[in-house]
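The values are calculated or read from the model by the stated rules, or taken from the named source; none is laboratory data. What you see is a predicted model; the values in this text were computed from it and never measured. Here the Cβ positions follow ideal geometry from the backbone for every residue, glycine too, while neighbour counts run over all protein chains shown. SASA here: full protein model, heavy atoms, side chains in, ligands and nucleic acids out. Shrake-Rupley method; radii C 1.70, N 1.55, O 1.52, S 1.80 Å.
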Amino acid sequence: AICLNALDNTDENITLTCGHRWHLACLKEQLENAQPSKSKRLIFSGCRCAKCNAFCDHPRLENLTRRTDSLRAKVDVLVEEQLKIDATDALRDAMHDPVAKAKIIEEGWRSYAFYLCGGCDEPYF
């Protein structure tokens, strides 16, 4: 969780692309705790801004977000492939709308349980 201490005008605060400001150290701690693990289900909630739910994005966080961003992209592909099999025609048709597709894929993250393979470090469900 992000701390609730007041922000001051120091270099140790950052503004994410969503516009919300956080203590750099607190955000780094959150992202370190959210790093994928082979022993836990892949969930990406810890990689999001606590105020607006947008994914954390800032140049000073790239070393912490690069791996989860890559895994998220791979999971998105797996969700889309599985939805082609599982989904109704109406849901498959909705995948042509980018906004609807993003919501459907995010729901797929919750519906399907993804993990990291112990051998190749790739996501699977």
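The table below lists the values:
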{"read-out": "Candidate set from segment 53-63 (those that are out of contact with any strand residue (DSSP E or B) (no Cβ under 6 Å at 6 or more places or on another chain) and surrounded by 15 or more Cβ atoms within 10 Å (Cβ to Cβ)); member that is nearest to residue 105 (Cα to Cα)", "value": "56"}
{"read-out": "Filtered residue count, segment 12-52, keeping only those that are touching a helix residue (DSSP H, G or I) at 6+ places or on another chain (Cβ under 8 Å) and charged (D, E, K, R)", "value": "3"}
{"read-out": "Odd one out for residue 75 among (1) out of contact with any strand residue (DSSP E or B) (no Cβ under 8 Å at 6 or more places or on another chain); (2) aliphatic (A, V, I, L, M); (3) surrounded by 11 or more Cβ atoms within 10 Å (Cβ to Cβ)", "value": "(1)"}
{"read-out": "Filter result for residue 39 (open to solvent by 40 Å² or more (accessible area, probe 1.4 Å), more than 23 Å from residue 100 (Cβ to Cβ) and free of Cβ contacts under 8 Å to residues at least 60 places away in the same chain)", "value": "yes"}
{"read-out": "Scope segment 105-125; condition in contact with a Pro (Cβ under 8 Å, 6 or more places away or on another chain) and either within 12 Å of residue 74 (Cα to Cα) or open to solvent by 50 Å² or more (accessible area, probe 1.4 Å) (or both); matching residues", "value": "114, 115, 116"}
{"read-out": "Flag for residue 55 being touching a helix residue (DSSP H, G or I) at 6+ places or on another chain (Cβ under 8 Å) and either in contact (Cβ under 8 Å) with a residue 24 or more places away in the chain or within 15 Å of residue 124 (Cβ to Cβ) (or both)", "value": "no"}
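Let's see how each residue does on (1) touching a Cys at 6+ places or on another chain (Cβ under 9 Å); (2) among the acidic types (Asp, Glu); (3) surrounded by 11 or more Cβ atoms within 10 Å (Cβ to Cβ):
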site: 30; (1), (2), (3): yes, no, yes
site: 33; (1), (2), (3): no, no, no
site: 44; (1), (2), (3): no, no, yes
site: 51; (1), (2), (3): yes, no, yes
site: 65; (1), (2), (3): yes, no, yes
site: 69; (1), (2), (3): yes, yes, yes
site: 86; (1), (2), (3): no, yes, yes
site: 92; (1), (2), (3): no, no, yes
site: 103; (1), (2), (3): no, no, yes
